[in-house]
Amino acid sequence: MKQLILIFVLIQFFSCNSQRGKVENTRKPNIVWIVTEDISPTLSFYGDITAQTPNLDELSKESMIYDNAFAPVGVCAPTRSSIITGMYPTSIGTMHMRTGLDVMSWGKRSYKNVGRLDSQGDSITQYSAVIPSEVKCFTEYLRANGYFCTNNQKTDYQFAAPITAWDQNSNKAHWRNRPENSPFFSVFNINTTHESQLWKKEDLPLTVSPNDVKVPPYLPDNNETRETIARHYSNVELMDVQVGSFIKQLKDDGLYDNTIIFFYSDHGGPLPRQKREIYDSGLKVPFMIKGINSEGGRTNRMISFVDLAPTMLSLVGIEPPKYLEGKAFLGKFNDTEREYIFGSSDRFDEFTDRIRAVRNRQYLYLRNDFPNLLKYKDVGYRKSVPMMTKFLQLKEEGKLSETQQIWFNTKTYEELYDCNLDPHNINNLADDPNYESVLDEMRSTLKKHLKERRDLGLQPESCLVNSMWPNFEQPITANANIEMRNGMVLLSSSTKGASIAYFVSDNPNENLDYNSGWLLYTEPIPAKSGKYIYTIAERIGFKESKIERYKI
């Protein structure tokens, strides 16, 4: 009942404050995302009290906790591309991890061949994914409706974050920099729990004892494993302190009660057989939302990160564009509950594969398109995790248990798991005749999902890159054109799908960069005689246009 009341209150609040055109600034809710990395639902409000997280515990008391929240991919960059666009990575060509090393740096992008191979053995150059022309970063819609949008600091979208996506995108980005009375959407990314911190935090004392951690059955129980897991939980405790800092800032600014707070991890845990996997260990995440003056509750509603973009728009009264593949789960345009979650697994660094998955509340089904490959991928980055050396040694010595050895075995074409009875997804039921009807349901559901949309992972990645970058050269966005009409400035670009940013100044020699305060062009601008207007156009995946200057 408490859960239903909370959802009703949220819906009523946002429905009453929704817009016809634009909402009054004073009535728009502020929204903050606190995004951590590489965590499964191993927090106290999910029943795991190993790490002490007092700030998250307090936040959870005022939040709706989601027990069935999932990433579409078990790694950050493809998942983050889905979050920012509301599209499945396989639909927009962002499913391979990762496309380029510096696609996050506006004005400083270069791409080179790094020796990776696709499924046919062809070499892959670094690239910024060119996504469908109608697809935008959802923050553009927020900016167009009066929101001050900031991201601090990670993007990692598989394409360079366009200048039109954020008002500020840096390690200094903050709601405190907004114009007076502007509603804000601010994202804060915490990397303290990232996989890399398992070996970069060795100079810090453990705050969680290795003796107090639980070892999943798919990992060997030894000192090396326990110390790695203890490091992860210790990092979780450090992350909780950072969460507390953001909450304190909101309270200090008198904004806490009128701010919706999202907390979630970008995918599952950082340990071997967690990150990069398409099992629950890689896709299932902690997720909670504090509403406006809300009380706590829980829901088993299934949500995917592909749902975040339409939900954000729905919360502020913007009808989500029809092209979005996600389903809004809150707000004025709250959609029907989804029955299934869909996941994908393609190239991870130097290893190419292709797996597609579907999950309902009880079962997880995997289709392995390359069943001849091992489950395990010898990714160099992961081998820096301290426990991996001992883990691989035990494998070579034949000292792993049957359960631990599964990860190193050859795959089968299909896998089926009862996630209620087998939360670690160990016992494959695909050949069990007692589950034949379940297998048929999940198999047909996945086929229907894939039939309804294109899957760009079906082609070799080198062919995909060539289709995005003809002759493997990055396309360039056409410069913004300017037109004066009836005292107004009209801007356009001949590049289909391009967005335009502009900057108005008295200075004919502005030295502009990404965070110079560019405005998103959405409608004609009043012409002010003697001013200079600077313009830049960008389509996602294309190189940005030149900065043009016009005197009005």
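The values are calculated or read from the model by the stated rules, or taken from the named source; none is laboratory data. Just so it is clear, the model here is predicted, and its values are computed rather than measured. Note: ideal-geometry Cβ built from the backbone for every residue, glycine included; neighbour counts use all protein chains shown.
Surrounded by 14 or more Cβ atoms within 10 Å (Cβ to Cβ), aliphatic (A, V, I, L, M) and out of contact with any strand residue (DSSP E or B) (no Cβ under 9 Å at 6 or more places or on another chain) - does that describe any residue in region 465-473? Within region 465-473 (the criterion being surrounded by 14 or more Cβ atoms within 10 Å (Cβ to Cβ), aliphatic (A, V, I, L, M) and out of contact with any strand residue (DSSP E or B) (no Cβ under 9 Å at 6 or more places or on another chain)), the answer is yes, since at least one residue qualifies. Among the residues of region 268-304, those identified as part of a loop (DSSP other than H, G, I, E, B), at pLDDT 95 or above and of a type in the set (A, V, I, L, M, F, W, C) are 271, 278. Residues that are under 22 Å from residue 287 (Cβ atoms) and either surrounded by fewer than 19 Cβ atoms within 10 Å (Cβ to Cβ) or assigned by TED's automatic domain parsing to the domain that holds residue 383 (or both) are absent from region 217-233 altogether. Of the residues examined, residue 276 is one that is of a type in the set (Lys, Arg), crowded, with 22+ Cβ neighbours inside 10 Å and either touching a Gly at 6+ places or on another chain (Cβ under 8 Å) or assigned by TED's automatic domain parsing to the domain that holds residue 185 (or both).
Looking across region 333-375, the residues that are buried (at least 16 other Cβ atoms within 10 Å of the Cβ), farther than 16 Å from residue 303 by Cβ, over 19 Å from the mean Cα position of the chain (by Cα) and not hydrophobic (A, V, I, L, M, F, W, C) come down to 352, 353, 354, 363, 365, 367, 368, 369, 375. Take the conditions part of a helix (DSSP H, G or I) and either assigned by TED's automatic domain parsing to the domain that holds residue 325 or surrounded by 18 or more Cβ atoms within 10 Å (Cβ to Cβ) (or both) and apply them to residue 489. Does it pass? For residue 489, the condition - part of a helix (DSSP H, G or I) and either assigned by TED's automatic domain parsing to the domain that holds residue 325 or surrounded by 18 or more Cβ atoms within 10 Å (Cβ to Cβ) (or both) - is not met. Against the definition (buried (at least 18 other Cβ atoms within 10 Å of the Cβ), assigned to a helix (DSSP H, G or I) and at pLDDT 95 or above), how does residue 187 come out, yes or no? No; evaluated as a whole, the condition is false for this residue.
Scanning region 414-434 for residues that are surrounded by fewer than 17 Cβ atoms within 10 Å (Cβ to Cβ) and farther than 27 Å from residue 46 by Cβ gives 431, 432, 433, 434. The residue pairs whose first member lies in region 394-405 and is not assigned by TED's automatic domain parsing to the domain that holds residue 215, whose second member is assigned to a helix (DSSP H, G or I), and whose beta carbons are closer than 6 Å, counting only pairs six or more residues apart or on different chains, are 395/408; 400/394.
Criterion applied to 471, 466, 507 was being in contact with a Phe, Trp or Tyr (Cβ under 9 Å, 6 or more places away or on another chain) and modelled with pLDDT under 95, and the one residue passing it is 466.
Just the residues that are of a type in the set (Lys, Arg) and either at pLDDT 95 or above or closer than 23 Å to residue 81 by Cα (or both), please, taken from region 518-550.
Correct list: 531, 539, 543, 546, 549.
No other residue among 140, 134 is outside any loop (DSSP other than H, G, I, E, B) and of a type in the set (Asp, Glu) apart from 140. You will find that of 412, 403, the residue that is assigned to a loop (DSSP other than H, G, I, E, B) and more than 23 Å from residue 462 (Cα to Cα) is 412 and no other.
Every test in (1) among the polar types (S, T, N, Q); (2) under 17 Å from residue 552 (Cα atoms); (3) modelled with pLDDT under 95 is passed by residue 515 save one, and that test is (2). Number of residues in region 240-267 that are modelled with pLDDT under 95 and assigned to a strand (DSSP E or B) equals 0.
You will find that of 448, 390, the residue that is within 20 Å of residue 222 (Cα to Cα), at pLDDT 95 or above and either basic (Lys, Arg) or not in a helix (DSSP H, G or I) (or both) is 390 and no other. Here 160, 165 are screened, and the one residue that is part of a loop (DSSP other than H, G, I, E, B) and at pLDDT below 95 is 160.
Scoring residue 199 on the criteria (1) under 25 Å from residue 66 (Cα atoms); (2) among the aromatic types (Phe, Trp, Tyr); (3) exposed (fewer than 15 other Cβ atoms within 10 Å of the Cβ) leaves a single failure, condition (1).
So which of 266, 257, 253, 307 ends up being in contact with an Asp or Glu (Cβ under 7 Å, 6 or more places away or on another chain), closer than 22 Å to residue 187 by Cβ, touching a residue at least 12 places away in the same chain (Cβ under 8 Å) and of a type in the set (Asp, Glu)?
The conditions single out 266.
On the basis of being in the same structural domain as residue 328 (by TED's automatic domain parsing) and within 30 Å of residue 373 (Cβ to Cβ), does residue 167 make the cut? Judged against the criteria, residue 167 is not a match. The listed residues are 145, 171, and the only one of them that is free of Cβ contacts under 8 Å to residues at least 24 places away in the same chain and out of contact with any helix residue (DSSP H, G or I) (no Cβ under 6 Å at 6 or more places or on another chain) turns out to be 171.
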